[in-house]
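Undergrad: Take this structure first; my questions come after.
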Amino acid sequence: MPDTILAFDYGTQNIGAAVGQTLTRTADELTPLKAKDGIPSWDIIAKLLSEWKPDLLLVGLPLNMDGSESELAVRARKFGNRLHGRFGLRVEMVDERLSTFTAKGEAMERGHRRNYGEKPVDSIAARLILESWFERER
C-alpha cells in the first residue's frame with residue numbers, strides 16, 4: 001500500500017490538490033493549481049511531486065449522476081493520462097460525484113462565502129476525494 005498519495009480535483013480554471021498519508025489515513029488540502037483551459041503548469045506539478053514524493057496519484061472523475069461520463073470527466077481522464085505519461089507514477093481515477101457540492105458546503109461552514117480563501121473549494125474537494133479513497137480501501 002502506498003505511503004503518500006496526492007489527489008487532484010480537475011477543473012478548467014483551478015485544479016484542487018491534497019496530500020494524504022496511508023499510515024494515519026489523514027489528508028490535508030494544498031494550494032490549488034491554476035489552469036488555463038484545463039492545462040496546469042507541469043513545472044508546478046513536478047515541484048509538488050518532488051516535494052511530497054507520492055506513491056500514487058488520484059484524479060477525481062466527475063461522472064454524471066447516472067454514472068455516465070461528462071465532458072469534464074473525459075478531460076479529467078486525459079489529465080490523469082498525462083500525469084502518468086509525464087511522471088511515470090501510478091494514477092487512479094476516483095468517482096467524485098457530489099464532492100464539489102459537499103466542498104462548497106464545508107467552505108460555507110468555515111465562514112467562507114464566494115471567496116474561499118487560500119485553499120478554495122477545489123482543494124477541499126481534492127481532500128474529500130482522497131478521504132473517500134481511504135474509506136473505499138478499508
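The values are calculated or read from the model by the stated rules, or taken from the named source; none is laboratory data. Keep in mind it's a predicted model, so treat the numbers as computed, not measured. Here Cβ is always computed from backbone atoms with ideal geometry, including for glycine, and neighbour counts include all displayed protein chains.
Undergrad: For the range 13-49, enumerate the residues that are out of contact with any Lys or Arg (no Cβ under 6 Å at 6 or more places or on another chain) and of a type in the set (D, E, K, R).
TA: Those that are out of contact with any Lys or Arg (no Cβ under 6 Å at 6 or more places or on another chain) and of a type in the set (D, E, K, R): R25, D28, K34, K36, D37, D43, K47.
Undergrad: Residue under question is R86, and the condition is that it be surrounded by fewer than 16 Cβ atoms within 10 Å (Cβ to Cβ) and modelled with pLDDT of 95 or more; does it hold?
TA: So R86 fits the description; yes.
Undergrad: Within the range 89-120, work out how many residues are at pLDDT 95 or above, assigned to a strand (DSSP E or B) and aliphatic (A, V, I, L, M).
TA: The qualifying residues number 2.
Undergrad: Considering only the range 35-61, state which residues are closer than 19 Å to V74 by Cα and among the basic types (K, R).
TA: Matches in the range 35-61: K36 only.
Undergrad: So, one more: Considering only residues that are within 15 Å of the chain's Cα centre (by Cα) and of a type in the set (V, I, T), look in the range 17-43 and name the one that is farthest from L128 (Cα to Cα).
TA: Out of the qualifying residues, it is I39.
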